Amino acid sequence: MSVHAEVKKVTTHTLLRMKQAGEKIAMLTAYDYSFATLLDEAGIDVLLVGDSASNVMAGNETTVPITLEHMIYHAQCVVKGVNKALVVVDMPFGTYQGNSDVALASAIRIMKETGGHSVKMEGGEEILDSIQKIVKAGIPVMGHLGLTPQSIYKFGTYTVRAKEIAEAEKLKADALLLQEAGCFALVLEKIPAALAKEVSESLHIPTIGIGAGKDCDGQVLVMHDMLGINHHFKPRFLRQYANLHIVITQAVQQYVADVRAVDFPNDSEAY
Ligand code: KIV
């Protein structure tokens, strides 16, 4: 029996066992109750209440504007729909950088007000004191290295990170620091597959890749991208598993036509 099938609820310990057993971890983003229920019932291991909500829910260009209040709202909705998956909640930009007391207070709000099981934070050595303080308080932390979208104005583009030796060396050192600080897993975003493989093999905690190749211990995608809702976004790393853009457009066009033709509702759809 797989580790996922063995457990009633996925915990951070389950993910560690999955890595040890060579069982890949499947993670997707979710932002609301209905989709969280669907994804959980479909067997997802981890649901990330991503700050990508800023893009796909709120229509912002970046993840920078989303607030702690917004993230708490989305996480509350997701948690209500979940029975088995581990829920990870992104700490939004501005709630943990630069001051570890503020970071701890933000993480505590997320845990107390949402019922989520853990938080995710972007960055390495620069935010180590915040991670250490949050872990010390008993809150599980998922790290996030490589392309860290909250720093988009520093990077300037969403291109692949750590192609140069110096950046790759820093990433490897950061990954070890985050593991030592007590992170239970690491997201590796948009880095060369060979580097992700090396990092994954050097750590005992699982790595979850997005645009980081097949040798990570798990994979994550933004739900709207993989379901083809967000049909303009087609980076190389994305596999589209459905084309809900077409399905929904056709359904809505049919509904509009039926209403206009007085075909809907018919007698059996009326009281
Ligand atoms: O917010 C998000 O969706 C993420 C994933 C891309 C890892 O951080």
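The values are calculated or read from the model by the stated rules, or taken from the named source; none is laboratory data. Just so we're clear, the structure is a prediction, and the values are computed from it rather than from any experiment. Backbone-built Cβ (ideal geometry, glycine too); neighbour counts: all protein chains shown.
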Checklist entry - If you check 19, 24, 8, which single one turns out to be over 19 Å from residue 210 (Cβ atoms) and modelled with pLDDT of 95 or more? => result 8
Checklist entry - Does region 152-165 contain any residue that is assigned to a helix (DSSP H, G or I), within 16 Å of the ligand (Cβ to nearest atom) and assigned by TED's automatic domain parsing to the domain that holds residue 117? => result yes
Checklist entry - So which helices (runs of 4 or more DSSP H) stay within region 183-260 end to end and still have 1 or more residues that are within 26 Å of residue 57 (Cβ to Cβ)? => result 223-226, 244-260
Checklist entry - Would it be correct to say that residue 171 is surrounded by fewer than 16 Cβ atoms within 10 Å (Cβ to Cβ), of a type outside the set (Lys, Arg) and either outside any strand (DSSP E or B) or outside the structural domain of residue 126 (by TED's automatic domain parsing) (or both)? => result no
Checklist entry - Do any residues in region 9-29 that are under 13 Å from residue 84 (Cα atoms) have Cβ atoms under 6 Å from those of residues that are at pLDDT below 95 and within 16 Å of the ligand (Cβ to nearest atom), where the two are at least six apart or on different chains, and which pairs are they? => result none
Next on the checklist: So for region 97-109 (the condition being in the same structural domain as residue 131 (by TED's automatic domain parsing), touching a strand residue (DSSP E or B) at 6+ places or on another chain (Cβ under 9 Å), in contact (Cβ under 8 Å) with a residue 12 or more places away in the chain and under 23 Å from residue 37 (Cβ atoms)), does at least one residue qualify?
Outcome noted: no
Checklist entry - How many residues are more than 16 Å from the ligand (Cβ to nearest atom) and buried (at least 23 other Cβ atoms within 10 Å of the Cβ) when one looks only at region 68-91? => result 1
Item to check | Members of region 174-186 found to be touching a residue at least 12 places away in the same chain (Cβ under 8 Å) and either more than 26 Å from residue 112 (Cβ to Cβ) or not assigned by TED's automatic domain parsing to the domain that holds residue 196 (or both), listed by number | outcome: 174, 175, 176, 177, 179
